[in-house]
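A short worksheet on the structure shown next.
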Amino acid sequence: MGGFLPSGMKGDLKMNKTVRKYLIIACVLATIFATLGASKSIKANKISTNDFISQALISYQKLMSGENIEDKAQMSDTILQLVNERQSFYQKYFSEGLNSDLVNIESEFDQTTMKTTSTGEIEVIEIVNLTGISKLQNAADYPPYQAALLALKLVEEEDQELTRKLETYATDILLGVQQSIDEGEYTFSIVNKHTISVDYEKGIILEDYYSSESMDDLGTDKVVMFDGKPERIEPDFSLMPDHMMYVTPIEELANILLKNISGTSDDYSASSGVYFISTNTAPRLYSGSSAAAYIRTYVRNTSLTPNCTGVLENQINWNSSYNAYDCNDCANYVSQA
């Protein structure tokens, strides 16, 4: 038979080739469909992962804000402990550093800033609004005002010009403090950058460390990882102006005030809590409440860093009466205030 086929088999061979051709096509199509199916599955898993992170961050911010959530399964014990620690820290910050009571915490993760690092951790910005109310409810008890009254007694009207300046200062500061008391609650914000470890298989946020440290914040709120555990770097409350003015003896505050007003010192005594600005006529009160109103008008919380490194700024609400300095929110707000 050699290389020849019986005539009856030629048709069969032709048919087999046709079948084989279609089988190959079918296999190719099956492979394509399988690949597409796998892609859809991967995409679906990705969406599911994003949904988990989103929901977990919402639960996290609710816990930080003091809200009750029924399901804490997405939080590890480390995170739950960290939430309790941070709430206690904020209370201490207000009590010891600001002579105030903390009345509300409002946490919100800006998920538009969320990104995944090469190590699989999540980086995201959190804005924390802290609301407090001053423990001081009688303006006459304000230490700098008490210092002004004592300074007046020390002068005993021997220097009429100095007496006039002291009287003006005492009146102004009493009015300013009373205005702050009347306004009641005040709010300020902290912007934290978080690095969060996640177990995707179990759907749990494992660990978190964060910092408010930036070009204009040395790190008011800062937690670092030490030996695998989160540890707070706490600021020195004893150096905060509101703390110092309440622990510094009135006699010392009075002497500082006399030196400033009499022009024998260039120190405006911000560190001692005696807030005034010397002029050629009389010291002028720096009104904290007016500054707070100013910042509410011309500054906004933001996660934007246009053309800046490490500086958050949003120029939309800046006061157009002043020159704008890019990447210098402090210059645009603090100097104006």
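Against the conditions (1) free of Cβ contacts under 8 Å to residues at least 12 places away in the same chain; (2) not assigned by TED's automatic domain parsing to the domain that holds residue 255, residue 194 satisfies every one except (1). Looking at 167, 213, just one residue is farther than 18 Å from residue 110 by Cα, modelled with pLDDT of 85 or more and not small (Gly, Ala, Ser), and that residue is 167. Assessment of the stretch 120-134 against the conditions (within 33 Å of the chain's Cα centre (by Cα), modelled with pLDDT of 90 or more and in a loop (DSSP other than H, G, I, E, B)) yields at least one matching residue. Residues being in contact with a Phe, Trp or Tyr (Cβ under 9 Å, 6 or more places away or on another chain), within 16 Å of residue 83 (Cα to Cα), touching a residue at least 40 places away in the same chain (Cβ under 8 Å) and not in a strand (DSSP E or B) are entirely absent from the stretch 200-209.
Among the residues of the stretch 72-104, which ones are assigned to a loop (DSSP other than H, G, I, E, B), under 22 Å from residue 230 (Cβ atoms) and in contact (Cβ under 8 Å) with a residue 24 or more places away in the chain?
Selection gives 73, 74, 76.
Between 153, 165, the distinction of being surrounded by 14 or more Cβ atoms within 10 Å (Cβ to Cβ), over 27 Å from the mean Cα position of the chain (by Cα) and among the basic types (Lys, Arg) belongs to 165 only.
Residues in the stretch 116-174 that are without any contact (Cβ under 8 Å) to a residue 24 or more places away in the chain, among the β-branched types (Val, Ile, Thr) and either touching a helix residue (DSSP H, G or I) at 6+ places or on another chain (Cβ under 7 Å) or within 30 Å of residue 222 (Cα to Cα) (or both): 3 in all. Go over the candidates 238, 180 one by one and state the one that is among the small types (Gly, Ala, Ser), surrounded by fewer than 18 Cβ atoms within 10 Å (Cβ to Cβ) and part of a helix (DSSP H, G or I). Every option except 238 fails the conditions. Of all residues in the stretch 60-82, those that are in contact with a helix residue (DSSP H, G or I) (Cβ under 6 Å, 6 or more places away or on another chain) and surrounded by fewer than 19 Cβ atoms within 10 Å (Cβ to Cβ) total 1.
Is there a residue in the stretch 57-71 that is within 19 Å of the chain's Cα centre (by Cα), among the small types (Gly, Ala, Ser), assigned to a loop (DSSP other than H, G, I, E, B) and over 20 Å from residue 245 (Cα atoms)? Checked against the condition, which is being within 19 Å of the chain's Cα centre (by Cα), among the small types (Gly, Ala, Ser), assigned to a loop (DSSP other than H, G, I, E, B) and over 20 Å from residue 245 (Cα atoms), the stretch 57-71 yields at least one hit. All of (1) closer than 25 Å to residue 195 by Cβ; (2) in contact with a strand residue (DSSP E or B) (Cβ under 8 Å, 6 or more places away or on another chain) hold for residue 67 with one exception: (2). Taking residue 107 as the residue in question, decide whether it is hydroxyl-bearing (Ser, Thr, Tyr) and either farther than 21 Å from residue 195 by Cα or not in a strand (DSSP E or B) (or both). Spelling it out, it is not the case that residue 107 is hydroxyl-bearing (Ser, Thr, Tyr) and either farther than 21 Å from residue 195 by Cα or not in a strand (DSSP E or B) (or both). On the basis of being surrounded by 10 or more Cβ atoms within 10 Å (Cβ to Cβ) and at pLDDT below 55, does residue 92 make the cut? Answer is no for this residue.
Against the condition in the same structural domain as residue 105 (by TED's automatic domain parsing), within 29 Å of residue 55 (Cβ to Cβ) and not charged (D, E, K, R), how does residue 203 come out, does it pass? Yes, satisfied. Each residue in the stretch 239-254 was checked for being free of Cβ contacts under 8 Å to residues at least 24 places away in the same chain and out of contact with any Ser or Thr (no Cβ under 8 Å at 6 or more places or on another chain), and 1 pass.
The values are calculated or read from the model by the stated rules, or taken from the named source; none is laboratory data. Predicted model, so just to flag it, every value in this text is computed and none were measured. All Cβ positions, glycine included, derive from the backbone under ideal geometry; neighbour counts span all protein chains shown.
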